[in-house]
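Quick notes on the structure that follows.
The values are calculated or read from the model by the stated rules, or taken from the named source; none is laboratory data. The structure presented is a predicted model; accordingly, all values stated were derived computationally and were not measured. For neighbour counting, all protein chains shown are included, and Cβ atoms are generated from backbone atoms with ideal geometry for every residue, glycine included.
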Amino acid sequence: MPTEKRFCDQCMIRTDHDVIEDPEAIYTYKRRRLYKCRECGHTSYKRGLRPSSESVY
Ligand SMILES: [Zn+2]
């Protein structure tokens, strides 16, 4: 299972997160990923990290 350093809303720091692809969203243009904090187990959906192609913020 891949891991990424992401900010955890609960730990309030960047921690290792397990990355769980949402299998039903793989073929949509908005790929959601479920991130699970390895420190506290908190899970949240975030958009995957992407290379430069996107500037929607
Ligand atoms: Zn956490």
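Report the residue count in the stretch 17-57 for those that are in a loop (DSSP other than H, G, I, E, B), small (Gly, Ala, Ser) and modelled with pLDDT under 90.
Qualifying residue count for the region: 4.
What's the total number of residues in the stretch 1-16 that are within 15 Å of Arg47 (Cβ to Cβ) and more than 8 Å from the ligand (Cβ to nearest atom)?
Number satisfying all stated conditions: 3.
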